[in-house]
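Participant: If you scroll down you'll find the structure; I have some questions about it.
The values are calculated or read from the model by the stated rules, or taken from the named source; none is laboratory data. Note that the structure is predicted; figures quoted are calculated from it, not measured. Because the Cβ atoms are built from the backbone with ideal geometry, glycine has one as well, and the counts that use them run over all protein chains shown. Calculation scope for accessible area: heavy atoms of the full protein, side chains included, ligands and nucleic acids excluded. Shrake-Rupley method; radii C 1.70, N 1.55, O 1.52, S 1.80 Å.
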Amino acid sequence: MSVHIFYGSSTGTAEGAANAMYDVFAGTGSVEVHDMMDGEIDALDPADFHVFSCATYGDGELPAGTTEFFEDLVDAAPDLTGLRFAVFGLGDSIYVDTYNQGGKTVVKHLTDLGAVQVGERFEHDNSGTDDVNEKALEWAKGIVGLI
């Protein structure tokens, strides 16, 4: 089994979290990190495990770089039955109504196509004092225990 870590970032924080998780998931086998801006929906293989590190942008939207990835996914509408994934969401709690909406949107798109979420979606608060990379490592260790 390979692990594919996808990130969608506006300021680089979600990318940093994805890179921080790399070594944790490397213990399970082959790991690849993908920028969702590259639109690699063909890397969504049910035989592999998928991790999404995704920020929230603007009024609760996905970061601009992820738009094409999810448009292609929705248009192609592949059957993702059997695909397992986990989501590390990033947001800012000062935006109460849209806090961590990006991660929630990732879950919705994938589960609508038959994929199954593993573990709890993590919600990192950029207004907090927790270091995002440390939280990403801690969360990833928990997810490895589930896969």
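Participant: Can you list the HN-Hα couplings for region 112-129, worked out from phi with the Karplus curve (6.51, -1.76, 1.60; θ = phi - 60°), rounded to whole Hz and with x for Gly and Pro?
Facilitator: 4, 9, x, 6, 10, 7, 10, x, 7, 5, 7, 10, 7, 9, 5, 7, x, 9
Participant: Suppose accessible area is computed on protein heavy atoms with a 1.4 Å probe; arrange 141, 104 from highest to lowest.
Facilitator: 141, 104
Participant: Show the residues, 5+ positions off or on another chain, whose built amide H is closer than 5 Å to the amide H of residue 5.
Facilitator: 32, 33, 34, 51
Participant: Given labels modelled 7 Å from the Cα in the Cβ direction, how far is it in nm from residue 108 to residue 28?
Facilitator: Placing both labels 7 Å beyond Cα along the Cβ direction yields 2.6 nm.
Participant: Cut-off 13 Å, label point 7 angstrom out along Cα-to-Cβ of residue 2: give me the residues of region 26-41 whose amide nitrogen falls inside.
Facilitator: 29-34, 40-41
Participant: Placing +1 at every Lys and Arg Cβ and -1 at every Asp and Glu Cβ, with all other atoms neutral, what dipole size does the chain have around its Cα centre, in debye to the nearest 20? Provide the component values of the computation, followed by the final result.
Facilitator: Values: 6 positive and 26 negative charges, 103 e Å.
Its charge dipole is roughly 500 debye.
Participant: Hey, another quick one. Would you mind calculating the gained length between residue 68 and residue 117 on full extension (0.36 nm times residue separation, minus the Cα-Cα distance), in nm to one decimal?
Facilitator: That pair, residue 68 and residue 117, stretches by 15.4 nm at full extension.
Participant: Here is a follow-up. For region 3-145, would you read off the P(r) tail past 26 Å as a percentage of all alpha carbon pairs?
Facilitator: When all Cα pairs of region 3-145 are counted, 15 percent exceed 26 Å.
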